[in-house]
Amino acid sequence: MLNKKTKQLMKAVYYKAVEKDGTCLISQNDLLSSMPYTIQFKKSELAPSLKALVSEGYFELITTEKKGEEYYCITLQKGGYDFAYQIAKEKRQVRMKIALTVSGAILSFIIGTILKSIFSK
């Protein structure tokens with residue numbers, strides 16, 4: 001299971017790579033700029049987080065340097081392609097929990113109203 005920061009990093013990598021058939025060449029700055037502003041991600045945290053995602057089988061990573069800037073060549077693997085399914089599954093689970101909570105509240109209101117009308121006579 002990915003934590004909040006690595007999940008956002010994986011989202012950024014996934015959407016960049018899917019645009020180009022599963023492979024992309026991206027700089028550190030481009031990768032950091034595609035992260036949401038709510039996530040405080042430092043440049044020093046980027047390389048270890050990417051290596052952790054590589055070790056978990058999400059993508060292959062090749063690091064290159066061009067004009068003094070570090071670039072990453074990323075190729076999605078099976079785990080990387082399955083990431084979209086994991087995100088959809090999490091959203092579905094959250095929707096199910098909300099629906100279950102709302103239906104439980106409605107059911108308890110109805111039962112309470114019925115019991116109130118029975119015992120108030």
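A short reminder: the numbers here are calculations on the coordinates, not readings from a lab. Bear in mind that the values here come from a model prediction, so they are computed numbers and not experimental data. Methodologically, a virtual Cβ is constructed for each residue, glycine included, from the backbone with ideal geometry; neighbour enumeration extends over all protein chains shown.
Below, the figures for the structure above:
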{"read-out": "Sparsely packed trypsin sites (Lys or Arg not before Pro) within the range 26-119, loop by DSSP, other Cβ within 10 Å at most 16", "value": "K42, K67"}
{"read-out": "Residue (of C73, F109, L46) at the positive-pole extreme of the chain, dipole from beta-carbon charges", "value": "F109"}
{"read-out": "Rounded to the nearest 20 debye, dipole of the chain from Cβ charges on Lys, Arg, Asp, Glu", "value": "800"}
{"read-out": "Too-long pairs where the Cα-Cα distance tops 21 Å, listed order kept, from K5/K89; K42/K91; K43/K78", "value": "K42/K91; K43/K78"}
{"read-out": "The chain: most fluctuating residue of S103, S49, S34 per GNM, C-alpha cutoff 10 Å", "value": "S103"}
{"read-out": "Angle between the chain longest axis and helix 43-55 axis [Cα atoms, degrees, rounded to 10]", "value": "80"}
{"read-out": "Degrees, to the nearest 10: 83-119 long Cα axis against longest axis of the chain", "value": "10"}
{"read-out": "Residue among G79, G68, G57 with the largest mean-square fluctuation in a Gaussian network model of the chain, springs linking Cα atoms under 10 Å", "value": "G68"}
{"read-out": "Hits among lysines - C-alpha to C-alpha of K121 under 16 Å, sequence gap 8 or more where chains match", "value": "none"}
